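Worksheet: one structure, shown below.
Read the figures in this text as sums done on the coordinates, not as results from a lab. A quick note: this is a predicted structure, and the numbers were derived from the prediction, not measured. Positions of Cβ are generated from backbone atoms using ideal geometry, with glycine treated the same way; all protein chains shown enter the neighbour counts.
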Amino acid sequence: MRRKSRLEFTILALGLFAANTLEAQTDPFVGTWRLNVAKSKFEPGPALKDETRIIVTGPNGMHIAIKRVTADNRTQEFEYTTNLDGKRYPIIGDGPDGADSISANLTAVNTMRTTATKSGKMIDASTVTVSANGRSLTVTSTGTRVDGTHFKNIAVYDKE
C-alpha cells in the first residue's frame, strides 16, 4: 500500500512539474528580464540606471517583481499579482510614481496592457510586448508624474 501511495505521489509531482515547465515555455512573458539602458529612451528623463523584472505564472495569475535603481541611485522595489482581467490589484512596495494598484489584460499572445493608479487616479498606461523571438521585452509607458510632468518612456529589456 505504501509503495502504491509513493508511486502515485511521484507521478502527480512529475505531472505538476511538467505542466509548470510547459506553461513557462509557452508563456512569452515568463522569465528574468534586465533593462538595456542603451536601447531604452526616457523622456524627459532622467533614465533608470538599472532594472530587473522577474515574471512567473501560477494559480493566482501572473506575478511580477521589479527591482530598479533610479537616476539618483535610489533602490525601488515593488511587486504585484494580476489575473490579466482588467481589474485593479494592489502593488506591494514602492510603486512607480507612488502607484498603489495596477490593472492588466492580455491583448495578444505576446502583448499586455497595464494601467497603474494612485488612489484610483491613473498615473501610467503601458504596453508590454515580447518580441517574436522571445529574447526582448519592450515596455512603452505614458503618464503624468506626481509633480505634474508628463513622460513617455520606452524601456527595452533583454531576457536573462
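Summary value for the range 29-159: 22 percent relative contact order, contacts being C-alpha pairs under 8 angstrom separated by 6+ residues.
Between residue 63 and residue 36, the contour length at 0.36 nm per residue exceeds the Cα-Cα span by 7.6 nm. When +1 charges are put on Lys and Arg Cβ atoms and -1 charges on Asp and Glu Cβ atoms, the dipole computed for the range 29-159 relative to its Cα centre reaches about 280 debye. Here 43, 51 are placed in order of increasing Cβ neighbour count within 10 Å, fewest first, which gives 43, 51.
Pairs exceeding a 23 Å alpha-carbon distance, out of 67/118; 87/118; 39/67; 87/159; 41/87; 39/152: 87/159; 41/87. All C-alpha pair distances within the range 90-160, sorted into 5 Å bins from zero, spread as 4, 17, 23, 23, 18, 10, 4, 1 percent across the bins. The length gained on full extension between residue 107 and residue 146, counted as 0.36 nm times the residue separation minus their Cα-Cα distance, comes to 11.2 nm. Extending 7 Å from the Cα toward the beta-carbon at both residue 73 and residue 122 defines two label points whose distance is 3.8 nm. Would the range 29-159 count as rounded, prolate or oblate if I go by the C-alpha gyration tensor, calling it rounded below 1.5 in a/c and otherwise prolate when a/b exceeds b/c, oblate otherwise? In terms of gyration-tensor shape, rounded.
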